[in-house]
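The values are calculated or read from the model by the stated rules, or taken from the named source; none is laboratory data. What you are looking at is a predicted structure, and each value in this text was computed from that prediction instead of being measured. Ideal geometry is used to build each Cβ from the backbone, glycine not excepted, and the neighbour counts take in all protein chains shown.
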Amino acid sequence: MSGQNSWVLKGVRPLGGEPTTLFVDDGVLVDAEPSGAQSFDADGLIALPGLVDLHTHLREPGREDAETVETGTLAAALGGFTAVHAMANTEPVADVAGVVEQVWRLGQDAGHCDVHPVGAVTVGLRGEQLAELGAMAESAARVRVFSDDGKCVHDPMLMRRALEYLRAFDGVIAQHAQDPRLTDGAQMNEGVQSARLGLVG
Amino acid sequence: MNRHLLSAADLNRDDALLVLDTAEELARLADRPIKKLPTLRGRTVVNLFFEDSTRTRTSFELAAKRLSADVINFSAKGSSVSKGESLKDTALTLEAMGADAVVVRHSASGAPHRLAHWIRGSVVNAGDGTHEHPTQALLDAFTMRQRLGRVEGLHVTIVGDVLHSRVARSNVLLLHTLGAEVTLVAPPTLLPVGVDAWPCDVSFDLDAVVPKSDVVMMLRVQRERMHGGFFPTTREYSRRYGLDARRMATLPDDAIVMHPGPMNRGVEIAAEVADSVRSTIVEQVANGVSVRMAVLYLLLGGGMAEAVESAA
Ligand SMILES: [Zn+2]
C-alpha cells in the first residue's frame, strides 16, 4: 500500500527525542519505507502525536454563520488536532441524543478529525434539571464529556447528582471554576489593573 | 428469637428458617374453610400506623385476627398523635392498655427502635422511614422458596431506588443470612454512600445482570425523585433501569419477577412483565399474611411444634 499519504520524514524530532527518519504508510507510522512514499525534509521540525482539543465551539447546529463542523474541524486538522470536543451551546442545545448524534455524524461526514460532542449537563444549559445523560452516552456519539460550559452548574446538589449519575458509564464533567453569584458582570481579573481601569473584577 | 422484630438483622439463620417454616404450616390454613386458630386468644396486638398503608395494616390485621388476637388499629390520623403527643406518650398509653405486641409503621427511621425501649410487649417494625421493613423481606424469601424451592444459592437482583428503600435494606440482610447472592442495580445517585460495605454486589448495568438472575426484584421509584435530581426523566429511568419484555426475555427459564408494590406500571416495570407468569406480585400479597402470622405467633411465645400441631 502506498499513496498520497505515504511519507519519508527526514530529520524530524519526535517530541523530546533526537532527529530521526519516520516512515508513514497511508497515514500510519511504520518501521520500513513504504513503496512510492514521498520524501520530506523535516529538519528542524518536531513530530507530535495527534492533539486533542477539549474545548471547541463548532456552532453547528444553529450558528452556521459563525462556524460549521466542516470549517472547524478542517482548521483543527491543519493545526495538528485529530480530535475535538464540541461544546453543547448550540441551537438547539446538545442536551438530547438526537443533537449529539447529529454533530457526531457531521464530523464523520467531514472526515477531517474525530468530533466528540460534549453533552449538556442540564436541560437547555439552564442548571435546573439533569439532561438525559445516559441517552447521550448510549447514542452513536458515545458522549463521555459533559459540560454546561460558560453557564456552569452552580447548584451544588445538582452537581453532586450529576457527578454520581455519570459513574454508571464513566463520564466526566468539565466545569468552569466560577460561581455566577461571584462573577456577575465580571470583566477581568480583580486586582491593581481592574482598580485602575474601573472594570468589574 | 428476639422479643422484637426491628431489623432483618435480628434474625439469625435458624430464626429466619423457623419463621418461614412456621409460615408454611400456617399457609395451609388459608385453604381451609375456617381460617382461624385459637392460638393468640386473649392477646392484644396494636397496629400503630403513623403513615398510611392500608395494604400492610390490613395484612397485619388479618394475620392477628386469624390467630384470634384482639386487634386495635391505632392510626395517627385523628388521634392524639396528630395533636402533638410524642411517640413516648403514645407508647405509655399502649403500655397501659396492655398491648402484647405493637406493629409500628413510621416515617422516621429508628422509630420502632425507640418504641421498643418504652414498652414491655413485642415491637414489630412494619416499615420505618428509609430504614427497614423486615416482614416484607420475610414474605419475599417465603415467595422465593415457594416458587424456586430454596433461597440459598439463588442469585437475587434488586433494582431501583435502593437509597430510599426499606425493602431493599431488609432484603439484603435477610437474603445474605439465608445464603442468597444479592446484586443491587441502580443509578449511582440512588445508592447510599457506604453501600460498598453491605453484603452484596453492586452494578449499574441491568442488561449484564438480568441473564444471571434467578430473581429480579423491582423497587418502586417515585416520580418525585426526578425533581430531586436523582435521574433526568422517567423515560431515561425506564430505559436504563426498568424491566420490560425485552429484558425479561433474557432471564433464565425459571426466573421470577417480584415487586413489593404498589407498582408504577410503565416506569420500573412494564405492564406485560407485571402480568406475566414470572410475576409473583399477587402471591407476595397472600404470603404476607402467612409470614406475619408466623412472626406474631413466634414473638408472642408460641413454639414451633405447637404451631404445627394447631395448624394440622
Ligand atoms: Zn466555551
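Worth pointing out:
- Count of residues meeting criterion [acidic (Asp, Glu) and touching a Gly at 6+ places or on another chain (Cβ under 9 Å)] in segment B:143-184: 2
- Taking the criterion of being among the hydrophobic types (A, V, I, L, M, F, W, C), within 26 Å of the chain's Cα centre (by Cα) and modelled with pLDDT under 95, the only residue of segment A:165-185 that qualifies is A:Ala177.
- Single residue of segment B:196-253 satisfying the filter (buried (at least 21 other Cβ atoms within 10 Å of the Cβ) and in a strand (DSSP E or B)) that is farthest from the other protein chains (Cβ to nearest Cβ): B:Val215
- Test result for B:Met293, touching a Ser or Thr at 6+ places or on another chain (Cβ under 9 Å), aliphatic (A, V, I, L, M), more than 20 Å from B:Lys212 (Cβ to Cβ) and not assigned by TED's automatic domain parsing to the domain that holds B:Leu190: yes
- Segment B:277-310 - residue that is part of a loop (DSSP other than H, G, I, E, B) and surrounded by fewer than 16 Cβ atoms within 10 Å (Cβ to Cβ) and, of those, modelled with the lowest pLDDT: B:Gly303
- Restricting attention to segment A:30-42, the residues being surrounded by 11 or more Cβ atoms within 10 Å (Cβ to Cβ) and free of Cβ contacts under 8 Å to residues at least 12 places away in the same chain number 1.
- Residue in segment A:65-72 that is hydroxyl-bearing (Ser, Thr, Tyr), away from every other protein chain (no Cβ under 14 Å), more than 16 Å from the ligand (Cβ to nearest atom) and buried (at least 16 other Cβ atoms within 10 Å of the Cβ) present: yes
- Selected residue (only one of B:Ala91, B:Ala116, B:Ala101, B:Ala108 is in contact with a Phe, Trp or Tyr (Cβ under 9 Å, 6 or more places away or on another chain) and crowded, with 19+ Cβ neighbours inside 10 Å): B:Ala91
- Number of residues in segment A:128-180 that are within 8 Å of another protein chain (Cβ to nearest Cβ) and within 16 Å of the ligand (Cβ to nearest atom) equals 0.
- Among the residues of this structure, A:Gly98 does not count as one that is under 15 Å from the mean Cα position of the chain (by Cα) and small (Gly, Ala, Ser).
- Candidate set: segment A:111-127, residues that are within 12 Å of another protein chain (Cβ to nearest Cβ) and within 16 Å of the ligand (Cβ to nearest atom); chosen: the one nearest to A:Asp184 (Cα to Cα): A:Gly127
Yes or no, residue by residue, for (1) within 16 Å of the ligand (Cβ to nearest atom); (2) over 30 Å from A:Val93 (Cβ atoms):
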{"residue": "A:Gln4", "(1), (2)": "no, yes"}
{"residue": "A:Arg13", "(1), (2)": "no, yes"}
{"residue": "A:Asp31", "(1), (2)": "no, yes"}
{"residue": "A:His55", "(1), (2)": "yes, no"}
{"residue": "A:Gly62", "(1), (2)": "yes, no"}
{"residue": "A:Leu74", "(1), (2)": "no, no"}
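- Some residue of segment B:211-225 being outside the structural domain of B:Arg13 (by TED's automatic domain parsing), within 21 Å of B:Asp140 (Cβ to Cβ) and free of Cβ contacts under 8 Å to residues at least 40 places away in the same chain: no
- Qualifying positions in segment A:82-103 - farther than 16 Å from A:Glu132 by Cβ and away from the ligand (no atom under 16 Å from the Cβ): A:Thr82, A:Ala83
- Residue match in segment A:128-138 (condition: surrounded by fewer than 19 Cβ atoms within 10 Å (Cβ to Cβ) and within 21 Å of A:Glu91 (Cβ to Cβ)): yes
- Taking segment B:130-153 as the range and being of a type in the set (D, E, K, R) and surrounded by fewer than 24 Cβ atoms within 10 Å (Cβ to Cβ) as the test, the residues that pass are B:Arg145, B:Arg147, B:Arg150, B:Glu152.
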